[in-house]
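A short worksheet on the structure shown next.
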Amino acid sequence: MRRQRTKRSKTASSNQDGKHRASRRPLPLWKKFLYATSTCVLFFVVVELVLMAFVQPILATRDPYVGFESTVPLFVERIDDGRLALVTANNKLAYFNAQQFPKKKPPATYRVFCMGGSTTYGRPFDDTTSFPGWLRELLPLADASRKWEVINAGGVSYASYRVAALMEELAQYQPDLFIIYSGHNEFLEDRTYRELRQTPATLRRVTTTVGRTRTYSLLSSLLRAEDGTFELPTEVDAKLDHSVGPADYHRDDLLRERILDHFEFNLARIVDTARRAGASVLLIVPTANVKDCAPFKSQHQNRLSEDELETWSSHYDRGNVQQAAGRPDEALSAFEQAAGIDDRYAELHYRMGLALLATRRLAEARDALDRAIDEDVCPLRIPTRMRNIVLRTAERLVVPTVDAEELLRLECLRNYGHNSPGREYFLDHVHPTIDTNRLIAQAIIKRMLDEGIARQHASWNDKAIDETARRVTARVSPEARAVALRNLAKVLNWAGKHNEAGPLAVQAIDWRARHGLSEDPEAFILAAGYMKSTGDIDTTIAFYRRGLVRMPDYAQAHQLLGATLVEQGRFEEALASFKEVIRINPDDGHAHHMVGAVLAELDCCDEAISYYQRANRLQPNDADIHFNIAFALAKLGKQKEAIRWYRKTLQLKPNDSAARGNLAKLLAD
């Protein structure tokens, strides 16, 4: 009985177990997905935690568009009065103002970082009269309830991608507010775009998010080790630093589109970085001199025929004559005819804008002047589409703005009866006057009050603002004003506007003389080129020499002085100048060539040939050097050698008629 019961028990148990097994079902797909996802997330969280010790997120240092990396800090630690402070690094002072603030933010302090390019910096002066400098003075009047700490982090020639990279550093310094003024420098540096040229905006945003992970950063750094990606240098390398004026700029509509896309990406990255740091952002729509600054470079459409270009030039020249004669209606008629043939020449729109202003057609005038900026092949002023990107980004990301462009448009209309600001508000193409910086600062404060960032205090009134303005203006010494004039001249000369730069350099010289200040060698050298263009050669030579007294190693000035002396037939003096260039730059082939040419003029042909040969070793493909060697050899009666060098000349320059003629004469003899 017991065995039977036992048997039944086992059978029952087996039946029950079978029922139990039959009742178990496979896991639902959503649970499997959830478990798998959780496992992956946990894995990557662990990896991120491990990598945190030695891998930095790629977007903290690297721009995904052009490979730009920023690893050199702007601020470094220093002990000041027993407290740890952050100060501008010495190797950054060529681009940034000297600034200092406590590493640990004091209680009840509101820390504001102002970022952008040279306008934020305060050029042509410095932080003192910049809009950040004005904010530092005016914010305590507007709201005395808190301690305001305003740090000027504007970098000369800094474009938005450099600002975005710098923000990754500044976000670590307990910021409360970032004020961004960026847009004028986007076209300054030469750069190319590869795979991101056609990347959709949604995918770019995903890449931005992923780019903040250390896992992605590690994999990216390993995969791109030898990918040949274009990379910008650590500091600014403007195209204008490598050319005479805007010669290296050419119309490239596709590149411009990519730069606009990159700008929009950078603004979004800036906002994201600020918000991750728990800070607010305020975007400023940049403004520029539209009335008193012609385009930096104009270029015709490529498809114009010779006949069309000739007809265009006829209308354009006639318009200029009419405009100079004070007949704006007739000038406008001629310009419009030219525009019917080619409407992409920037200077044409600028001329039309001035004619429209003269006839009081203000809205059309402003449109024409804006179009002149948009068609400028060397865009050193923010284009209208880029201004719209600032506004669009602010609206999309719900960021407050200060429209400096609209601010000055209305100010100009109220004070001068037109809406196209020029030298009334600007010192050059983009840099505001001291008072314009104050207006921008006041507009920022108004927006801060509107946003509840600041609370208006009773001390915020016109009288207090005027007293502060007098105090700030008084800080600008005669020396600072002289330096500002020279800096303006340097900027315009750098941008190819030599005829506008020269008078400013002369003003700087005169200002120093009137105020008993020491001479500025750079001002003299800048002014010398302008004086030459006026035909005043004696002053030109005197200015070069006065500048070189204080800057004896300025090779280019020696070169220009030597060229001027050659033109005057003063060969011995020119020889000394060109030899100074060789002293400074022993491998300057052009200087060796010029010494040889001057010696040849002085009938020192043997010595001339030795310099020519050195120049030829340095510049072996220069046909002119070959020609001059041949010419000097012929003068010495060395016909066979001269024939050989003339033949070399023609190999390099087959259409050189002078070489061909001289060779024919030698062969005939």
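The values are calculated or read from the model by the stated rules, or taken from the named source; none is laboratory data. Fair warning: this is a prediction, and the values are worked out from it, not measured in the lab. Here the Cβ is made from the backbone with ideal geometry for all residues, glycine too, and neighbour counts use every protein chain on show.
Odds and ends about this structure:
- Here Asp553 clears all of (1) at pLDDT below 95; (2) part of a loop (DSSP other than H, G, I, E, B) except the condition numbered (1).
- Residue in region 104-113 that is closer than 19 Å to Thr468 by Cα, assigned to a strand (DSSP E or B), of a type in the set (Phe, Trp, Tyr) and touching a Phe, Trp or Tyr at 6+ places or on another chain (Cβ under 6 Å) present: no
- Close pairs from region 403-417: first on the phi > 0 side of the Ramachandran plot, partner of a type outside the set (A, V, I, L, M, F, W, C), Cβ under 9 Å, at least 6 apart: Gly417/Arg360
- Here Gln323 meets the list (1) over 30 Å from the mean Cα position of the chain (by Cα); (2) in contact (Cβ under 8 Å) with a residue 24 or more places away in the chain; (3) not in a helix (DSSP H, G or I) almost entirely, failing just condition (3).
- For region 533-576, taking the residues that are closer than 16 Å to Ala501 by Cα and out of contact with any Phe, Trp or Tyr (no Cβ under 9 Å at 6 or more places or on another chain), the one that is surrounded by the fewest Cβ atoms within 10 Å (Cβ to Cβ) is identified as Ser533.
- Of the criteria (1) of a type in the set (D, E, K, R); (2) at positive phi; (3) under 27 Å from the mean Cα position of the chain (by Cα), which one Arg360 fails: (3)
- Remark: Leu636 matches the filter, which requires a residue to be under 24 Å from Gly569 (Cβ atoms) and touching a residue at least 12 places away in the same chain (Cβ under 8 Å).
- Among the residues of region 264-296, those that are surrounded by fewer than 22 Cβ atoms within 10 Å (Cβ to Cβ) and either under 19 Å from the mean Cα position of the chain (by Cα) or over 27 Å from Ser313 (Cα atoms) (or both) comprise Glu264, Ala268, Asp272, Arg275, Arg276, Ala277, Gly278, Ala279, Ser280, Val285, Ala294.
- Conditions (1) in a loop (DSSP other than H, G, I, E, B); (2) at pLDDT below 95; (3) not basic (Lys, Arg); number of the one not met by Ser217: (1)
- Selection status of Leu267, assigned to a helix (DSSP H, G or I) and out of contact with any helix residue (DSSP H, G or I) (no Cβ under 9 Å at 6 or more places or on another chain): no
- Members of region 562-619 that are closer than 22 Å to Lys648 by Cα, of a type in the set (Lys, Arg) and not in a helix (DSSP H, G or I): none
- Considering residues of region 419-463 that are surrounded by fewer than 16 Cβ atoms within 10 Å (Cβ to Cβ) and of a type in the set (Gly, Ala, Ser) only, the residue nearest to Tyr181 (Cα to Cα): Gly452
Residue-by-condition table, conditions (1) modelled with pLDDT of 95 or more; (2) among the hydrophobic types (A, V, I, L, M, F, W, C); (3) in contact with a strand residue (DSSP E or B) (Cβ under 6 Å, 6 or more places away or on another chain):
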site	(1), (2), (3)
Gly422	yes, no, no
His431	yes, no, no
Ile434	yes, yes, no
Arg438	yes, no, no
Ala443	yes, yes, yes
Glu451	yes, no, no
Ala464	no, yes, no
Arg475	no, no, no
Ala484	no, yes, no
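- The residue that is farthest from the chain's Cα centre (by Cα), among those in region 145-157 that are at negative phi and modelled with pLDDT under 95, is Ser145.
- Residue within region 280-287 that is without any contact (Cβ under 8 Å) to a residue 40 or more places away in the chain and out of contact with any Asp or Glu (no Cβ under 6 Å at 6 or more places or on another chain) present: no
- Here Asp248, Asp272, Asp227 are screened, and the one residue that is acidic (Asp, Glu), in contact with a helix residue (DSSP H, G or I) (Cβ under 9 Å, 6 or more places away or on another chain) and at pLDDT below 95 is Asp248.
- If the condition is being over 24 Å from Ile382 (Cα atoms), outside any loop (DSSP other than H, G, I, E, B) and not small (Gly, Ala, Ser), then region 128-150 contributes Thr128, Arg136, Glu137, Leu138, Leu139, Pro140, Leu141, Lys147, Trp148, Glu149, Val150.
- Some residue of region 298-310 being buried (at least 21 other Cβ atoms within 10 Å of the Cβ), modelled with pLDDT of 95 or more and either in contact with an Asp or Glu (Cβ under 9 Å, 6 or more places away or on another chain) or in a loop (DSSP other than H, G, I, E, B) (or both): no
- Top-ranked residue in region 538-577 [being farther than 22 Å from Val595 by Cβ and among the β-branched types (Val, Ile, Thr); ranked as farthest from the chain's Cα centre (by Cα)]: Thr539
- Selection count, region 483-504, where residues are in contact with a Gly (Cβ under 9 Å, 6 or more places away or on another chain), buried (at least 21 other Cβ atoms within 10 Å of the Cβ) and over 19 Å from Ser157 (Cβ atoms): 1
- Screening region 609-643 for residues that are among the basic types (Lys, Arg) and modelled with pLDDT of 95 or more and picking the one that is surrounded by the most Cβ atoms within 10 Å (Cβ to Cβ) gives Arg614.
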